[in-house]
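The values are calculated or read from the model by the stated rules, or taken from the named source; none is laboratory data. Computed from a prediction, not measured in an experiment: that's the story for all the values here. Backbone-built Cβ (ideal geometry, glycine too); neighbour counts: all protein chains shown. Calculation scope for accessible area: heavy atoms of the full protein, side chains included, ligands and nucleic acids excluded. Shrake-Rupley method; radii C 1.70, N 1.55, O 1.52, S 1.80 Å.
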Amino acid sequence: MTTISSTIANHIKPTDSIVILTGAGISKESGLDTFRCADGIWAKVDLEDVATPQGFARDPNLVHRFYNDRRRGLADPAIQPNAAHAALAELERRWKGELLLVTQNIDDLHERAGSKTLIHMHGELRKVFCVHCRTVETWDGDLSVHDVCPTCARKGGMRPDVVWFGEMPYQMDRIYRALGACDLFVSIGTSGNVYPAAGFVAEARGAGAHTVELNLEPSLGASHFAEAVNGPATEVVPAFVAELLRL
Ligand code: APR
């Protein structure tokens, strides 16, 4: 059994404010690939081709195929939220202080587990938008260059509502305000490779927050955290949430 932090009670009160950041690692045990593990997505496809505006301009059909495959994968009934997603949803329901969940993930497993106060800073796989009129639509089927915008009826402008490298993540003002006011920052299942998310721990520490990393192994930013618990998310996250709810 993973030993969970015993110092939380020394730092955190039940009415404190918490910001939680999640990455692909929290969805791994639900059956979704991470990006940088040995069998990860970026070991199979070049991110320059499918996760940049330049890649989309160069070959939109390749990009649509990449996200269509991932959208179909997410619709597989075998892909379900796991105990870590469920624990964070329970924490949101029962925590007496402010709590904001920020995810880098574009899957909908947090919502399906019951989380409501959630920011998808890198967008959502089940959303698309029209580059002409900027209208965002929920889209569960395949997308192609032939699709017509349901709002402005123009063709060829529909793209995944996913934040690509070089684009500005969503709701950054709200995220930085929450980081500047939080008492506890928890990072779960992220390698600390990609900014601005990788810099959130420094923002939180600068605001005086206690910082905890819950990850399978130490991330690139592990040394910036006051403490870390390493293990699979379905084990360490429920145990950590139980610790918080015992305060
Ligand atoms: N439990 C907890 N952590 C896990 C598990 C698990 N079962 N399996 C893997 N991990 C950890 C890995 O050790 C790694 O540190 O999850 C992390 C996943 O790292 P990445 O694959 O880099 O994913 P992430 O950090 O979310 O990537 C950030 O990069 O490509 C972009 O937009 C993409 O949002 C993504 C961003």
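Tabulated data for the structure shown
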read-out	value
Hits in region 100-132 - residues which are touching a Cys at 6+ places or on another chain (Cβ under 6 Å) and either acidic (Asp, Glu) or open to solvent by less than 10 Å² (accessible area, probe 1.4 Å) (or both)	CYS130
Residue satisfying all of: in region 35-54; open to solvent by less than 30 Å² (accessible area, probe 1.4 Å) and without any contact (Cβ under 8 Å) to a residue 24 or more places away in the chain; farthest from the ligand (Cβ to nearest atom) among these	VAL50
Residue within region 215-222 that is open to solvent by less than 70 Å² (accessible area, probe 1.4 Å), away from the ligand (no atom under 12 Å from the Cβ), modelled with pLDDT of 95 or more and not basic (Lys, Arg) present	no
Filter result for the condition that a residue is open to solvent by less than 60 Å² (accessible area, probe 1.4 Å) and under 23 Å from ARG65 (Cα atoms), over GLY157, GLY166, GLY231, GLY199	GLY157
Any hit, region 195-203, residues being closer than 30 Å to PRO60 by Cα, touching a helix residue (DSSP H, G or I) at 6+ places or on another chain (Cβ under 8 Å) and away from the ligand (no atom under 16 Å from the Cβ)	no
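Table: residues versus (1) farther than 22 Å from ARG205 by Cα; (2) away from the ligand (no atom under 15 Å from the Cβ); (3) basic (Lys, Arg).
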{"site": "TRP95", "(1), (2), (3)": "no, yes, no"}
{"site": "GLY114", "(1), (2), (3)": "yes, yes, no"}
{"site": "ARG126", "(1), (2), (3)": "yes, yes, yes"}
{"site": "HIS146", "(1), (2), (3)": "yes, yes, no"}
{"site": "MET158", "(1), (2), (3)": "yes, yes, no"}
{"site": "VAL186", "(1), (2), (3)": "no, no, no"}
